[in-house]
1. Hey, could you check segment 54-84 for residues that are of a type in the set (S, T, Y), under 19 Å from A114 (Cβ atoms) and over 16 Å from the mean Cα position of the chain (by Cα) and say which is surrounded by the most Cβ atoms within 10 Å (Cβ to Cβ)?
2. With a cut-off of at least 2 residues that are in the same structural domain as A74 (by TED's automatic domain parsing) and touching a strand residue (DSSP E or B) at 6+ places or on another chain (Cβ under 6 Å), name the helices (runs of 4 or more DSSP H) lying wholly within segment 92-170.
3. With within 14 Å of the chain's Cα centre (by Cα), within 30 Å of P194 (Cα to Cα), not in a loop (DSSP other than H, G, I, E, B) and not β-branched (V, I, T) as the only criterion, which of L4, L30, L13, L51 stands out?
4. Among the numbered criteria (1) surrounded by 13 or more Cβ atoms within 10 Å (Cβ to Cβ); (2) free of Cβ contacts under 8 Å to residues at least 24 places away in the same chain, which one does K174 miss?
5. Output the residue which, of all residues in segment 33-48 that are outside any loop (DSSP other than H, G, I, E, B) and hydrophobic (A, V, I, L, M, F, W, C), is surrounded by the fewest Cβ atoms within 10 Å (Cβ to Cβ).
6. Suppose the filter is in the same structural domain as Q175 (by TED's automatic domain parsing), of a type in the set (A, V, I, L, M, F, W, C), surrounded by fewer than 19 Cβ atoms within 10 Å (Cβ to Cβ) and modelled with pLDDT of 95 or more; does L51 pass it?
Amino acid sequence: MPALRQQRMERFLQLMRPAQGAAILDVGGLPALNGVPGFWQGYVDAFEITLLNLPGSFDRYSKAELAPYRLIEADACKCVTLSKRYDVVFSNSVVEHVGSSRRQERFASFIRSAAESFWVQTPSPFFPVEAHCDVPFWWSIPIQLRKKWIMSWRRSGEHFLANQMASTRPIGEKQLRQLLPNCTILTEHFLGFPKSLIAYGR
């Protein structure tokens, strides 16, 4: 994962070309996740990074881990606007987790309103292994079987995974274009398969 994230960051810098000192809002961003360094480690001196995440999301991090960032605790789907407009809005693997199609629309509307430029990544539903639960061809499994699988995770105590998969709504290229009109779509491949979709606009 760190190598793939580094490749994605290199593409971001190449395509978006944020200026030195650019104000970047990372919607759904965290300093690190499950021991994997966040996207901005190594770039906090180059840009002014603000992390926006749900209330309580930063509680498990130390002051030292949070020190390089500005923090906003809020639900992006409920944010009408922010007091500050950013140079770039960045979001990685978040839009598929916000809930209903209506909440996805609100999320995308917030992304468009917060900055002139945006970069929104989401896992491809056509990758053979589902990115969050590692089950092969998860989105091809009938919904009733998926519900039983989720219930089995809950019974075994894997509540985070069960809740995550119950609320995940995969997004394909067509829907991504509807959410973010006039965007450019970049498809990341791994072993020849589409792994992620990135919608960006400048």
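1. Quick first cut of segment 54-84, residues of a type in the set (S, T, Y) only: 57, 61-62, 69, 81, 83.
Narrowing the set further to residues that are under 19 Å from A114 (Cβ atoms) leaves 57, 69, 81, 83.
From what's left, over 16 Å from the mean Cα position of the chain (by Cα): 69, 81, 83.
Values: Y69: 20, T81: 9, S83: 4.
Ranking the qualifying residues of segment 54-84, first place goes to Y69.
2. On the way: elements: 101-114, 143-155, 159-167.
Helices (runs of 4 or more DSSP H) meeting the threshold: 101-114.
3. Just one listed residue meets the conditions, L51.
4. (1)
5. Top of the filtered list is V36.
6. No; evaluated as a whole, the condition is false for this residue.
The values are calculated or read from the model by the stated rules, or taken from the named source; none is laboratory data. As the structure is a computational prediction, the values presented were derived from the model and not from experiment. Ideal geometry is used to build each Cβ from the backbone, glycine not excepted, and the neighbour counts take in all protein chains shown.
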